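To start, the structure itself, in structure tokens.
Every number here is computed from the coordinates shown, using simple stated rules; none is lab data. Keep in mind that this is a model prediction, so the values were computed, not measured. Here the Cβ positions follow ideal geometry from the backbone for every residue, glycine too, while neighbour counts run over all protein chains shown.
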Amino acid sequence: MNIILVSLDTLRSDRLTCYGYDKATTPYLDTIASQGVRFAEAYVSDIPTEVAHTGLFCGRWGAASGIVSHGHPYPALPKNVTWLPEALRRAGLTTAAVDNLYQLKSWFARGFRYYVNMASPHQRWVDGADVTQEAVDWLRQHYRTPFFLFVHYWDPHSPYLPPPGYFEQFYPSGRDPFDPARHDMDRAYNHLAYPFFKHHHYDLLGPVTDPEYLSARYDGEVRYLDDQLQRLDQTLVELGIWQDTWLILLADHGESLTEHDIFWDHCGLYQPTVHIPLIMRWPAGIPAGGTVSEFVQQIDVLPTIYEALEISTAEPVDGLSLWPLLAGGGRWPRDRVYLSECAWQAARGIRTASYKYIETLDAGVYERPPRELYRVSQDPGETHNLISAEPDLAGRFAEELRAWVAQWGESDPMLPIVQNGLPFVRRMDQILREVGVSWETWKRNPSRQWYDAMSGGPIPEEQPTKKPTRGGH
Ligand SMILES: [Zn+2]
């Protein structure tokens, strides 16, 4: 048996057709889902990218492993933490990654016999076609013996620059995305986070005035990613390993496309960022056509693989094996998920069938109430904060969250990072200092016009036509 674990960076669930989107962004992912099992209520554990993948590979919440952020002080992942690629290599699988996370944290190379590093000193971004090509090349050389291959796609991550022909089908022809009479982008352009995204995103798209244009470009990236997955899957057919290869596809986090004042980025514990796609297909091992509606999380992938390979570990694991759900009819003990983030903001939350409760330790560049409570079942947009209307319920959630964090020890690993300054707030401070502006000055009057004048150079008149390679944050 072979396993291919595919991370779909920044892919929010409701932009997949098989998760209910009304546009044809994912024809091939829909096919894969119909051949396997789709988890309708899959959630992140910790976000963003680095901590999400750490949880995926060690099966632990960040509060338990100590890895809650990619800021400083940043503890090393203890060597004795169980680590998926290491365990699979010990179990006799040839392990390989097509990825660039090793550039960010050294532990992402652990256990891989082959590590195809997609990072290049000349290119900041990683293109899905290059990822696919490397994965296909590796498969052609190694498919004859059981393997574990991890493949990491970055395509829906900003900047949204799909190749020509991909986003056009999602944007009305004849509509002018640069119409100077339109001011719908002003809130994003004059947001506190603007200096960061000016360089990473806005300047690469041209003087856009229509938010729908960015949304269409995001959809175009998803459609492009879908083509990459088709090519990868066709290779399995060509090599004759389609039947006995367990394909696991999931996002590390979603993306907020303006919701909650988060403009084309992934922070906040709201649904667009925490509700992720998770699809498994293994023709030889999992019945086709299933949909699972129970709550599952990223940290469940590791114990699921362990159970299939009969791997036992003495180290603690927080996730639960999904086999009772994959096999159908099994008892599932979880009725809630726990959520955590510590990059742009520091927050924790609980999601149940009806409610979501969020506590923000540090709002960073956003305006957030310290506590939020939403009846998500009736308020899917999470816009009506019930914290004052439902004080008893909020109190019970607060107590539950405290007890949940406290079970791993007296010190919460998120607190020193908050005390030291959130990593992206520190980065913002650095960006502003480069143009001679203090954070305090910027906070008083965040204005795109002013920052552009300070940083020099207008945004380009023409949108770029060449897709740069990718990286991300
Ligand atoms: Zn990510």
Kindly write out, for the range 428-439 in residue order, the coupling ³J(HN,Hα) from the Karplus curve 6.51 cos²θ - 1.76 cosθ + 1.60 (θ = phi - 60°), rounded to whole Hz, with x marking Gly and Pro. 4, 4, 5, 4, 5, 5, 4, 10, x, 10, 7, 4
Please list, ordered by chain and number, the residues whose modelled amide H lies under 5 Å from the amide H of L16; skip anything fewer than 5 residues away on the same chain. Y21
The range 39-62 residues near the modelled S411 label - backbone nitrogen below 20 Å, point 7 Å along Cα→Cβ: 61-62
For K443, project a label point 7 Å along Cα to C-beta. Then give me every residue of the range 418-436 with its amide nitrogen under 17 Å of that point. 418-433
By the C-alpha gyration tensor axes a ≥ b ≥ c (rounded if a/c is under 1.5, else prolate when a/b exceeds b/c, else oblate), the shape of the range 28-134 is rounded
Could you tell me which of Q228, T313, F108 has its Cα farthest along the dipole of the chain towards the positive end, charges placed at Cβ (Lys, Arg +1; Asp, Glu -1), taken about the Cα centre? T313
Amide H of F148: which non-local residues (sequence gap of 5 or more, or other chain) have their own amide H closer than 5 Å, using H built in the peptide plane? I3, T94, T95, A96
Positive-end residue of Y270, A135, L29, charge dipole of the chain with Cβ unit charges: A135
Restricting to the chain, what percent of DSSP beta bridges are antiparallel, rounded to 5? 50 percent
Quick check for me: using +1 on Lys/Arg Cβ and -1 on Asp/Glu Cβ, what's the dipole size of the chain about its Cα centre, in debye to the nearest 20? 900 debye
Do you know the relative contact order of the range 219-337, to the nearest whole percent, from alpha carbon pairs under 8 angstrom that are 6+ apart? 19 percent
HN-Hα J couplings of the range 95-104 from phi, Karplus 6.51/-1.76/1.60, θ = phi - 60°, integer Hz, Gly and Pro as x? 9, 8, 10, 10, 6, 9, 5, 4, 5, 8
Just need the relative contact order of the range 63-116 here, percent rounded to a whole number, with Cα pairs under 8 Å and 6+ apart. 31 percent
Spelling out what I want: for every residue of the range 308-317, take phi, set θ = phi - 60°, compute 6.51 cos²θ - 1.76 cosθ + 1.60 (Karplus), and round to whole Hz; glycine and proline get x. 4, 9, 6, 8, 10, 9, 7, 7, x, 10
What is the distance, in nm, between label points placed 7 Å from the Cα along the Cα-to-Cβ direction at E390 and at A129? 4.9 nm
Multiply the residue gap between F178 and A327 by 0.36 nm, knock off their C-alpha separation, and tell me the result in nm, one decimal place. 48.5 nm
With the cut-off at 1.5 for a/c, could you classify the range 211-355 from its C-alpha gyration tensor as rounded, prolate or oblate? oblate
Is the shape of the range 50-200 rounded, prolate or oblate, going by the alpha carbon gyration tensor and its root eigenvalues a ≥ b ≥ c, with a/c under 1.5 for rounded and a/b larger than b/c for prolate? oblate
Amide H of Q297 versus every other amide H placed in the peptide plane: which residues, excluding those fewer than 5 positions away on the same chain, fall under 5 Å? Y43
In nm, to one decimal, how far is the modelled label at A284 from the one at A24, with both set 7 Å along Cα→Cβ? 3.4 nm
Over the chain, what is the relative contact order in whole percent, taking alpha-carbon pairs under 8 Å and six or more residues apart? 25 percent
Determine which residues of the range 345-389 fall in the zone a paramagnetic label at Q419 would reach in this model, i.e. backbone nitrogen under 18 Å from the point 7 Å along Cα→Cβ. 346-347, 361-363
Considering the options V296, V405, H253, tell which one lies farthest towards the positive end of the dipole of the chain, charges being +1 on Lys and Arg and -1 on Asp and Glu at the Cβ, about the Cα centre. V405
